[in-house]
1. Does residue 35 count as within 30 Å of residue 73 (Cα to Cα), touching a Lys or Arg at 6+ places or on another chain (Cβ under 8 Å) and modelled with pLDDT of 75 or more?
2. Being surrounded by 10 or more Cβ atoms within 10 Å (Cβ to Cβ), modelled with pLDDT under 85 and in a helix (DSSP H, G or I) narrows it down to one of 25, 17, so name that one.
3. Any residue in region 10-31 that's within 22 Å of residue 60 (Cα to Cα) and among the aliphatic types (A, V, I, L, M): show its pairings with residues that are modelled with pLDDT of 70 or more and surrounded by 10 or more Cβ atoms within 10 Å (Cβ to Cβ) at Cβ separation under 9 Å, as long as the two are six or more apart or on different chains.
4. Select from region 32-50 the residues that are part of a helix (DSSP H, G or I) and in contact (Cβ under 8 Å) with a residue 24 or more places away in the chain and write down the one among them that is surrounded by the most Cβ atoms within 10 Å (Cβ to Cβ).
5. For region 51-87, give me the residue count where each residue is assigned to a loop (DSSP other than H, G, I, E, B), at pLDDT below 70 and not hydrophobic (A, V, I, L, M, F, W, C).
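The values are calculated or read from the model by the stated rules, or taken from the named source; none is laboratory data. Remember, it's a predicted structure, so these values are computed and weren't measured experimentally. Please note: Cβ atoms are built from the backbone with ideal geometry, for glycine as well, and neighbour counts cover all protein chains shown.
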Amino acid sequence: MFTLCKHYINTIKENYMSTTSMGIMASVSLICTIWVVYEVWAVNKSLSTAAKILWTLAALFLNIIAAAAYYFIEKNRKTVDSGDSYI
C-alpha cells in the first residue's frame with residue numbers, strides 16, 4: 001500500500017514538473033513570436049514586404065529559433081548599417 005502511494009505521489013510530481021516546464025516554454029515561445037512580429041512590422045522599416053512576411057511566418061512556426069535568427073541576422077545588420085560602435 002505504501003509503495004502504491006509513493007508511486008502515485010511521484011507520478012503527480014513528474015506530471016506537475018512537465019506541465020510547469022511546458023507552460024514556461026509556451027510563454028517564452030509566445031513572447032519571442034510577439035517580439036519578432038513587432039520588430040519586423042513596427043521597428044524595422046528597411047525590410048521589404050516579402051521579407052516581413054517571411055520573418056512573420058518563421059516567427060509563427062519556429063518561435064524561439066526564429067527569434068534567435070532574427071536577432072543575430074537582422075539586428076546585427078541594423079547595427080552595422082547604422083555605424084554604431086560599442087568599442
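1. no
2. On the way: 25 fails: modelled with pLDDT under 85.
After applying the criteria, what remains is 17.
3. Qualifying pairs under 9 Å: 25/64; 28/63; 28/64; 30/63; 31/67.
4. This residue is 36.
5. Qualifying residue count, region 51-87: 4.
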